[in-house]
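To keep things clear, I will list the structure first and then write my remarks on it.
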Amino acid sequence: MAQLNLCSLLLVASFALVLAIHLSAAHPRKLMKSTKIPSLNEVKGYLQAHGYMERPEDRPTGTSGDSLMIESSLKPAIRMYQEWNHLEVTGKLNSETIARMMTPRCGMPDIIRIPDKGVHHESKPGKFHVVAHYSFKNMNPWSQRQLTSNFMSTIPSVPIRDLRAICTRAFQHWAAVSPFRFREARQGEVANIKIGFYTRDHGDGYPIDGPGHTWAHAFAPRDGRLHCDGSENWSISTPTTYQTDLESVTLHEIGHTLGLNHSQDPDAVMYAYLNAGVTKRQLQQDDITRD
Ligand SMILES: [Zn+2]
Ligand SMILES: [Zn+2]
C-alpha cells in the first residue's frame, strides 16, 4: 500500500507542477505555495481537517491508530472528498482533485463526525451528508434571538472601524433571513460571537496556516468564536486578484456561528471555497432554505 501511494504521489507530482504553473500565472502571490507539491502527509492532514478521514484524536480509546489502518482509509477518504465536491469519483489523487484541494477555503470541516460513530450515513449506500442539519425555521441553537458580538484580535490586520462596518453589513444580511438580531456587546459584557484576527497556534486546537489555503474558521453555537487568518492579504473594499474579500468571508463564517454547515452549492455563501479576487456578499437560496 505504501508503495502504491508513493507511485500515486509521483504521478500526482507532475499534475501538481502543471497546476502550479497555471495557478502562479493567475495569482503570482500564491507562487510559493503553489509550486509546493502536496506530500502524502499533507493530503492526509487536509482530508482529516475537513472531516473526510478520521483524526487520531477521534479514534475511540483503546483502538490502534497504526499506519496500515491510516493507509487503508486514504482511498475511501479521497472518494468521499470527490463525491462531496462533485468531482469524478475515482479514489485517486488526480489533477482535478488536487486542484480543488489547493483552492483557498474555510478551515471548518465539510463532513461532521460524531465521536465513536464516524460519519452519519443516509440509508442509500454511498451517500453521506453532514449531521446536525439546521434550518432557521426548525430550531434555534442559541435559544435566544438577540446575539451580541465583539472584536478581539491578537494582530491588528484590519482597522477596527473598517472591520466593524464590514461585520455590521454581514450581520444585516443574516438578520434579514433569520430570527436573529445582532448588536455589539457592551464593555465588559460577554459576547456570543467573538470576532478576531489570529496567526498560527492561538489556543483553540485549530492553528492558522498563514497566507493562502485556509482564510478563517468559526465555531458553531454556543461557542461563537470567529477567527480570521491575520496574515491573509485581506481586502476591505473591492479585492484585487491577490486579495481575499473580508466581507464575503465574514458572511460565511457568521453562518457557522449561527449553526450552518458547508453547502455543496458553489453559488452559496456557505460553500467552503472562495478564490482570491472573488466576492460573494449576498446570501443565496441554498443558504437560507436548507433543512
Ligand atoms: Zn466554512
Ligand atoms: Zn481559531
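Taken together, the values in this text are just the output of simple stated rules run on the coordinates, not laboratory data. Please read all numbers here as calculations on a predicted model, not as lab measurements. Note that we place each Cβ from the backbone using ideal geometry, even for glycine, and neighbour counts take in every protein chain shown.
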Would you mind computing, in nm to one decimal, how far apart the modelled labels at GLN187 and ALA175 are, each placed 7 Å from Cα along Cα→Cβ? 2.3
Subtract the Cα-Cα distance of LEU40 and GLN284 from 0.36 nm times their separation in residues, and report this length gain in nm to one decimal. 84.2 nm
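Plugging the Kirkwood radius over Cα pairs into Stokes-Einstein for region 160-229, at a temperature of 4 °C and a viscosity of 1.567 mPa s, what D comes out in µm²/s? Before the final figure, lay out the partial values.
Values: Rh = 13.6 Å.
The calculation lands on 95 µm²/s.
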By counting other Cβ atoms within 10 Å of each Cβ, how are ILE98, ILE254 ranked from fewest to most? ILE98, ILE254
Order of TYR198, TYR52 under a 10 Å beta carbon neighbour criterion, fewest first: TYR198, TYR52
With all pairs of different alpha carbon atoms counted, what Kirkwood hydrodynamic radius in Å does region 146-289 show? 15.2
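Can you order the peptides 234-241, 257-264 by their average number of other Cβ atoms within 10 Å per residue, highest first? All intermediate terms of the calculation are to be shown ahead of the outcome.
Details: 234-241: 15.4, 257-264: 21.9.
Taking the mean over residues of other Cβ atoms within 10 Å, the ranking is 257-264, 234-241.
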Least to most buried among GLU42, GLU247, GLU253, by other C-beta atoms within 10 Å and fewest first, runs GLU42, GLU247, GLU253
